[in-house]
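To start, the structure itself, in structure tokens.
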Amino acid sequence: MNKSRIFLGLSLSILLCAQVVQAESLKNSEFLKFSEGQRHWWYSGTYTAIGHMVYLHDEKKAQCVWNWLFAEPKRKEALLIKSFKQYPDHTPTSIVIALLKRDCGELLPQVGKSKNK
């Protein structure tokens, strides 16, 4: 693995960890109070960060992540908002990851599992 991939991986890990720490304190009920602009930037950062992490393992799945919201923004945002209202005490990140896993498949390889099994 070359140095740039290692650096990118570490940088994205730090970014995701920072997002997760922030997301742990942000509940869906609070997220729903964000303005449309605030939600847009949160979505943009979330899908970009998750997509970059997935890209290190699977380019096709990363494309699915990056395009998930932006291919059908009105329909997908309505689904997100509905889910946030349904689970007000959960975090927005948990909803996003669940929907991405449903539509894109397992996002990262499982540790300790071989692809040949």
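Every number here is computed from the coordinates shown, using simple stated rules; none is lab data. Keep in mind that what you see is a predicted model, and the values were worked out from it rather than measured. A quick note on method: Cβ atoms are made from the backbone with ideal geometry, for glycine too, and the neighbour counts reach across all protein chains shown.
At-a-glance table
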| quantity | calculated |
| --- | --- |
| Segment 30-68: trypsin sites (Lys or Arg not before Pro) in DSSP loop, at most 15 other beta carbons within 10 Å | K33 |
| Sequence-distant aspartates and glutamates (8 or more away, or on other chains) whose Cα lies within less than 13 Å of K76 | D103 |
| Cβ-based net charge around P88, under 14 Å, with every Lys or Arg adding one and every Asp or Glu removing one | +2 |
| Rg in Å to one decimal, and Dmax rounded to a whole Å, for segment 37-117 via C-alpha atoms | 13.4, 45 |
| Cα-based reach from K82 at 16 Å (exclusive), listing aspartates and glutamates while leaving out same-chain residues under 8 positions away | E30, E36, E72 |
